[in-house]
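Only one structure is covered here, and it is reproduced in the block below.
Rule-based calculations on the coordinates, nothing more; no lab input. Note that the structure is a prediction, hence the values are computed from the model and not measured. Please note: Cβ atoms are built from the backbone with ideal geometry, for glycine as well, and neighbour counts cover all protein chains shown.
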Amino acid sequence: MGIFGALTTAVTGMRAQSYALENISGNIANSQTTGFKRIDTNFADLIPDAATNQQYAGSVLASSRSTNTVQGDIQPSSVPTFMAINGDGFFTVQNPSNTVDGNPVFDSANMYTRRGDFQLNNDGYLVNGSGYFLMGVPIDQSTGNLVGSAPQVLQFKNDFLPALPTTEIQYRANLPAYPLTQKADKTVPQSELLDATGFAADPLAAGTGTVLGADATSFIQQSISGGAVTAYDSQGLPVQLQLRWAKTDAATYGGTDKWELFYQANSNAGAADVAWQNVGTTYTFANGQLSPPVSNVTLNNVSVNGNVLGNVNLLHGAGGMTEFSDANGSVQVNMIQQNGYAAGSLQSISVTDNGRLSGTYSNGRSIELAAVSLARFNGTDGLKRIDGGAFMATQASGPPLYGAGAGKLIGSSLESSNTDIADEFTKLIVTQQAYSANTRIISTSNEMTQDLLNMLR
């Protein structure tokens, strides 16, 4: 090989250390870049073919070594749309290829990034600090199910959330063994029970029991409140649905513990108008439990003060209704909530604990709008790096895989760069020393060449 071979080898050494220096420089420059993955340098020796007793150290070739699988620290943030991935996976994003009439046009080229500083722009897209648009799978607001499986660019407009009429009310409660009604007197047997004698209409008639306005005061005195819930009609108008319980029989007097449930149909009922409507189901208790069980009751053609709710299903569930002693003699409501809501406009977007994007509306509702599509790769370090902390899939990385195996999405957080400044400075010192040593090889080779030439003269 000789002197000139040493010169050539030293040049490759300088070139390799220059390449390493460039990577170190880029890593340090991006030490504060969100989601940045540092580039390390690999060195490989290049050995020419020679006999075993004539082998020598050859040239060197520098190449990059990705650290895409090395996670940066996760830092909390006050921005609700910022996201970080704890574990494997990448956000699926796209970059608009064109703009038509002020609207971005997207092609089919998906890209992938760990940079999660997404914020809503004026068109309702979630865009990160490098200009990439977040992709995911929309959620059907009526069913809560994903709409398909292929990720698409997400856009959240400030459209109104349509009103949802109340169709179900979950109701669980304990009825007191002895209701303390206004008429109740423990020294007077059966005074706690509903006595409909003299009522203008029979409140206990099977399926059609009603309390007219003329008897409303007497009914209130012989019954106890069962709670209230704000329901919504088809137009999203709030309707206050009042419930009331009346005990009609008791085991104490040789009968069976029986209750009737009523809802208020008209708070301003005239003497001949229906003020309270019987739901049409007798609740019979034995040893504090419903016998037979009543898991749900349908309230047919519900109308309150002229606002029509239609059919409403009252859900008790298994063991949701009980009858045990209560010191106050009142109904203990354990749950009363309904599924309807008024219309509302989108106010903000945030990330839920299960990794979905949730919208908060002006009507107070929080509804899941989309699932963020996290992609993982079998050959993560085979991804091709492009501007803005994004990557493209290659043959070496394999295609993106969605579903199980990707990391956990953390809202209001950002992943920091995985660059360690102290480590980079250490590599910088070593690289500088190696570069300087290679220059000494060139200087020495030059001196030896001059000595050879002087000898020939």
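Between Asp73 and Ser225, what is the label-point separation in nm under the 7 Å Cα-to-beta-carbon projection?
It works out to 5.4 nm between the two label points.
Starting from the Cα of Asp49, step 7 Å toward the Cβ, then list every residue of the range 1-33 with an amide N under 19 Å from that point.
Those under the cut-off are 1.
In percent, how large is the relative contact order of the chain, given Cα pairs closer than 8 Å and 6 or more residues apart?
Dividing the mean separation by the residue count of the chain yields 24 percent.
Taking the Cα-to-Cβ direction at Asp40 and at Tyr178 and moving 7 Å from each Cα, how far apart do the two end points lie in nm?
The two pseudo-label positions are separated by 7.9 nm.
Just the C-alpha atoms of the range 38-115: what Rg/Rh do they give, with Rh taken as the Kirkwood radius?
Radius of gyration relative to Kirkwood radius: 1.27.
Multiply the residue gap between Ser348 and Ala214 by 0.36 nm, knock off their C-alpha separation, and tell me the result in nm, one decimal place.
43.3 nm
Based on the alpha carbon coordinates of the range 168-338, what radius of gyration and maximum Cα-Cα distance (Dmax) apply, in Å?
That works out to 15.4, 50 Å for Rg and Dmax.
Want the number for Leu456 to Val430: 0.36 nm per residue separation, take away the alpha-carbon distance, what's left?
Full-extension gain reported as 5.4 nm.
I'm checking a number: the convex hull volume of the Cα atoms of the range 80-201, normalised per residue, in Å³. What is it?
261 Å³
Evaluate the Kirkwood expression for the hydrodynamic radius of the range 24-65, namely the inverse of the mean inverse distance over all pairs of different C-alpha atoms, and round to one decimal in Å.
Answer for the range 24-65: a Kirkwood hydrodynamic radius of 13.0 Å.
How much FRET efficiency would the formula 1/(1 + (r/R0)^6) give for Ala422 and Ser108, where r is the Cβ-Cβ distance and R0 is 45 Å, rounded to 0.05?
0.55
Can you list the lysines whose alpha carbon is less than 29 Å from that of Lys157, not counting same-chain residues fewer than 8 positions off?
Lys408
On average over all directions, what projected area in square nanometres does the chain have, based on the convex hull of its Cα atoms?
For the Cα atoms of the chain, the hull's average projected area reads 36.6 nm².
Please work out how much length the chain gains when fully extended from Leu237 to Thr187, using 0.36 nm per residue of separation minus the C-alpha to C-alpha distance, in nm with one decimal.
Result for the pair: 13.4 nm of gain on full extension.
Quick one: Karplus J couplings for the range 95-105, per residue in order, coefficients 6.51, -1.76, 1.60, θ = phi - 60°, nearest Hz, x for Gly and Pro?
Calculated HN-Hα couplings, in order: 10, x, 8, 6, 10, 10, 6, x, 9, x, 10 Hz.
Less than 13 Å apart at the alpha-carbon level, and either on another chain or at least 8 residues along: which aspartates and glutamates does that give for Lys247?
Glu192, Asp195, Asp257, Glu260, Glu323
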